[in-house]
Structure formats: structure tokens, C-alpha cells
Amino acid sequence: MKYAIIAATGHLGQAVIKDLLEERGVAPEEIVAIVRNREKAERVLPKGIGIREAKLRETEKLKAALDGIDKVLFISIQPGVGYHRAELQAKAVEALAQAKVKQVIFTSYAHVETAASPIAYDFLFTENAFKFSGLDYVLVRTNEYLENVASFIHQGASTGEFAYCAGEAKVGWALEREYAEGLSKILLADHPQKIYEFGGQPHSFADLAAAISQVSGQPVTAHNLGGQAYLEYLQKKVGLSYHQADLLLEKISPEAAGDMEYDDHDLEKILGHKLTPFTQAVGEVLTENY
């Protein structure tokens, strides 16, 4: 069996490959990383796995990179300047169908069909592309990785405060390595279910502040700001450019919309054990250089 990971050089892609090699016993020669930048891939990925270079917009090149591949983990890409995420992902689905791979696992958006955030559109568009592709596919709709708020955790521990703009909404955070383990198990499964909703027990940003306080041993205050005030805070206090701040605000908007406030258990079921307790997970992120 030959497995390919699209977007393999990102944090999640690296974590999945690490889990496949070290915990699932998959041989390096059975894993192929499909990447945009071969030089980066050779620097950050384990030795012995295959590396094939192809961009999502390059249908023929991506199709060639998928030659001989049985199953694919397609990790959704980040939004950026100069391209439309939904269109790029749909083009990749086209290449996957033409390559006639046996199965594709796609990381989608939590409860995408009822989500309020505009970000959900890209994922709904991609899911629809899969529905009409003729492919055997699995949708793994993910909540948030706790590492996505690593900057909040480190700032809270070092200064005693951090700012956010999600109100009282809660988020089903879980550690990225737990998502990676779940994805690895689905990739290797003979008969996975069609749709998974991955996430942890929902917590608010006030809960996050309390966990940081418990781990760091000092009081931590979370300041809830409005969208424009938060944009200014990110530029003036954190030092981000307007573009960087706007992208971060966009990433946080699902929390503000309440899209991540679900108590899903598919991740625990596929793992076969409970997730890392929230405060312990916050402590783990605090010790990492993420």
C-alpha cells in the first residue's frame, strides 16, 4: 500500500508522517509527501520517505505525482494572497479523480453545513467537488488545534494577559498530535465512516486564561475586544502588519461565530482513549516552541 500526504510540510502533515512511522509501523518507502517546495521538504521531513513536488493548481503535474498512490490524506490549505483556496482545492480533487486513487481523506471544517463563518464556504465548496468527483472519499471535519492559540498561551504566561475577540463562544480545542493520530488511523482503516467530526470538549477563552494561570502559577486575564479594536491591538501591541492581523482575525472569526462550540467525540472514538485533559494540554503547548 502506498500512502500520499498533500501539504506534508505543514505542522499537521509532519505530525501525521511522524505518527505513521513511529506509532503505526508504516515503512518509509510506503509514504509519499506531495509538496510545493522540495528543498523545505528535504529539510523538515524524515529521511527515507518519497518526496514529489507539485502545486495544487498544476493538474497534470499533481496527477503525475499521484502515480502509484493508493490512499491520500489531503490536508486543506491555508488561505493566502493571490489564490482562492476553494478553487485550488477543487482543482486538486480533479487531479485526484483523474489519477484514480483508491481513497482520499480530506480535512474539512467543523459542522460545515451549518457553520456561520464565511471561511466555511471554501470547505463546503471542496466537499461538493468530492461529491461529484466519483472518488471514494472520507471527510474529517476538524475543530481547532490548541497550538493555533499558542501565542495566546505564551503571552498569557509571560505577561499575565492576552486579548481575543470571540466573546463567550467556546472552542473544541485538542492537541495537534491527537488530530494527527486520528488521521493516521483513518488513513490505515479498511472501512472508515464517511464523515467524522473531530474536536475536544469545548472551552471558552476565559477557561483558557484559567488553565494558563494554573500552569504558569500567576493570574492571567483574557480581554475580549471588538473586531476593529482587536485589529488595532494586533498591530500596535503585537507588532503584526495589517495583512497579518487581518488574516489572524479571519482565523478567529469562526470562534466568534460559535462555529466551534460542539462537543464531538469522533476523535476520542478513533483514538480509543480520552483526549489529554485541557489544563495538561495547555501546559504541553506552553513547553513547546511552536
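The values are calculated or read from the model by the stated rules, or taken from the named source; none is laboratory data. Since this is a predicted model, take the numbers as computed values, not measurements. A quick note on method: Cβ atoms are made from the backbone with ideal geometry, for glycine too, and the neighbour counts reach across all protein chains shown.
Here are the numbers for this structure:
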quantity: Tally, over region 9-51, of residues that are within 13 Å of Ser184 (Cα to Cα) and either of a type outside the set (A, V, I, L, M) or within 16 Å of the chain's Cα centre (by Cα) (or both); calculated: 12
quantity: Filtered residue count, region 118-139, keeping only those that are part of a loop (DSSP other than H, G, I, E, B) and either of a type in the set (S, T, N, Q) or outside the structural domain of Val93 (by TED's automatic domain parsing) (or both); calculated: 1
quantity: Every residue from region 162-176 that is modelled with pLDDT under 95 and among the charged types (D, E, K, R); calculated: Glu168, Lys170
quantity: Any hit, region 233-256, residues being closer than 27 Å to Arg141 by Cβ, in contact with a strand residue (DSSP E or B) (Cβ under 8 Å, 6 or more places away or on another chain) and assigned to a loop (DSSP other than H, G, I, E, B); calculated: no
quantity: Failed criterion for Gln228 (all others in (1) in contact (Cβ under 8 Å) with a residue 60 or more places away in the chain; (2) within 29 Å of His243 (Cβ to Cβ) hold); calculated: (1)
quantity: Qualifying residue in region 186-208 (condition: more than 30 Å from Leu135 (Cβ to Cβ), touching a helix residue (DSSP H, G or I) at 6+ places or on another chain (Cβ under 9 Å), at pLDDT 95 or above and assigned to a helix (DSSP H, G or I)); calculated: yes
quantity: Cβ pairs under 9 Å, 6+ apart, first in region 270-283 and outside any loop (DSSP other than H, G, I, E, B), second basic (Lys, Arg); calculated: Ile270/Lys185; Leu271/Lys185
quantity: Residue ID - surrounded by the most Cβ atoms within 10 Å (Cβ to Cβ), chosen from residues in region 79-92 that are in contact (Cβ under 8 Å) with a residue 40 or more places away in the chain and closer than 18 Å to Gly13 by Cβ; calculated: Ala92
quantity: Options Glu232, Glu255, Glu168, Glu250; residue that is crowded, with 19+ Cβ neighbours inside 10 Å and either assigned by TED's automatic domain parsing to the domain that holds Gln280 or hydrophobic (A, V, I, L, M, F, W, C) (or both); calculated: Glu255
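Residues are listed down the side, and each one gets a yes or a no for (1) hydrophobic (A, V, I, L, M, F, W, C); (2) outside the structural domain of Lys55 (by TED's automatic domain parsing); (3) surrounded by fewer than 21 Cβ atoms within 10 Å (Cβ to Cβ); (4) in contact with a helix residue (DSSP H, G or I) (Cβ under 8 Å, 6 or more places away or on another chain):
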| position | (1), (2), (3), (4) |
| --- | --- |
| Lys18 | no, no, yes, yes |
| Glu22 | no, no, yes, no |
| Asn37 | no, no, yes, no |
| Val44 | yes, no, yes, yes |
